[in-house]
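Any read-out appearing in this document is the output of simple, stated calculations on the displayed coordinates, not a laboratory observation. The structure displayed is predicted, hence computed values, not measured ones. A quick note on method: Cβ atoms are made from the backbone with ideal geometry, for glycine too, and the neighbour counts reach across all protein chains shown.
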Amino acid sequence: MKNTIKILAAAVVMICVVSCKKDSKPNYQFMPNMYEPLSYETYGDYGIFPGGQEAMLPAEGSIPRGWMPYDFKNSQEGYLLAKDTLKNPIRYTKENEDAGKELYDIYCAICHGGKGDGKGPLVQREKILGVPSYDDIGRAITEGSIYHVMYYGINSMGSYASQTNEHERWQIVQYVQKLKADLEGKTPRIDTDATPTVVEAKVEEEHHESTEDHSNAH
Ligand code: HEC
């Protein structure tokens, strides 16, 4: 009998405790320090910040790490300017060509074809029309124009700026130029190791020695 009363009393207490919970309000926090950090929360609502939120937009003109602004406009003028003046900054090595091929086969070959003749699987299945061959004389593509159309896209071809980074795009440019050279029966460009910087370093050394001799003489 005594036990039953105890159990009943315990049950009443528990029901009281449980019934204090209200779904429309946040529950009671036993150890608030564990839930509420001292620092500001990124998307928290705080009056002291402009806009009432800790997370703010980057300052105007900010450039994300690893990203370089592309100065050519997405217009016919921008296209022509890039075509004439924009040059590939990477060296034309076999490694870059191989990396370019890998990316090309992923992103471009589906339309442009493995050889760049404009006869990829989607063209053969008539899913897309008007894909040119890279040796199309009327277009006379250049390293600058290839980069430009990859950056912005052109007509029914989309942009590849979000799938690839700057370096990768230039590797693809090298490979597209290789395909173009192959189609035209020319030898693709590969840069040799003799670079002018080595010569410059030597001149610098000689100059250094001669000044030393000069000071010794005095
Ligand atoms: C969905 C199909 C498709 C894919 C994928 C595609 N292209 Fe194209 N590409 C086109 C079409 C269509 C055109 C012709 C656009 C026009 O001028 O009307 C074109 C045109 C071009 C041209 C010539 C542009 C000029 O200056 O006249 C180049 C260079 C080119 N693409 C390179 C690439 C590269 C590099 C990739 C991969 C990163 C790629 N394309 C992926 C469909 C595609």
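For the chain, what is the mean residue ellipticity at 222 nm derived from helices alone (per DSSP H run of n ≥ 4: -39500 (n - 2.57); sum divided by total residues; nearest 500 deg cm²/dmol)? It would help to have the intermediate numbers written out before the result.
Values: 9 runs with 105 residues, N = 218.
Calculated at 222 nm, the ellipticity per residue is -15000 deg cm²/dmol.
Given the options Ala181, Ala11, Ala82, which has the most mean-square fluctuation in a GNM of the chain, springs set between C-alpha atoms less than 10 angstrom apart?
Of the options given, Ala11 has the highest mean-square fluctuation.
FRET efficiency for Arg189 and Ser159, Cβ-Cβ distance as r, R0 = 35 Å, nearest 0.05?
After rounding to 0.05, the efficiency reads 0.85.
Just to be sure I follow: if Rg is taken over the C-alpha atoms of the range 76-184 and Rh is the Kirkwood radius over the same atoms, what is Rg/Rh?
0.93
For the chain, the longest stretch holding no trypsin sites (Lys or Arg not before Pro) located in a DSSP loop with at most 15 other Cβ atoms within 10 Å is which?
Value returned for the longest uninterrupted segment is 140-185.
What base-10 log of the normalised intensity I(q)/I(0) is obtained for the chain from the Debye formula, alpha carbons as equal point scatterers, at q = 0.17 Å⁻¹?
-1.21
For Gln124 and Ala181, what does the FRET efficiency come to when R0 = 25 Å and r is the distance between their Cβ atoms, rounded to the nearest 0.05?
Here the calculated transfer efficiency is 0.55.
At a 10 Å Cβ-Cβ cut-off, how would you order Val131, Val13, Val176, fewest neighbours first?
Ascending Cβ contact count within 10 Å gives the list Val13, Val131, Val176.
Using 7 Å Cα-to-Cβ label points, what is the Leu80/Glu166 separation (nm, one decimal)?
Taking the simple label geometry, Leu80 and Glu166 are separated by 2.7 nm.
Please work out the Cα convex hull volume for the range 42-117 and give it in Å³ per residue.
213
If you add up the charges near Glu77, with Lys and Arg at +1 and Asp and Glu at -1, over every other residue whose beta carbon is less than 14 angstrom from its beta carbon, what do you get?
0
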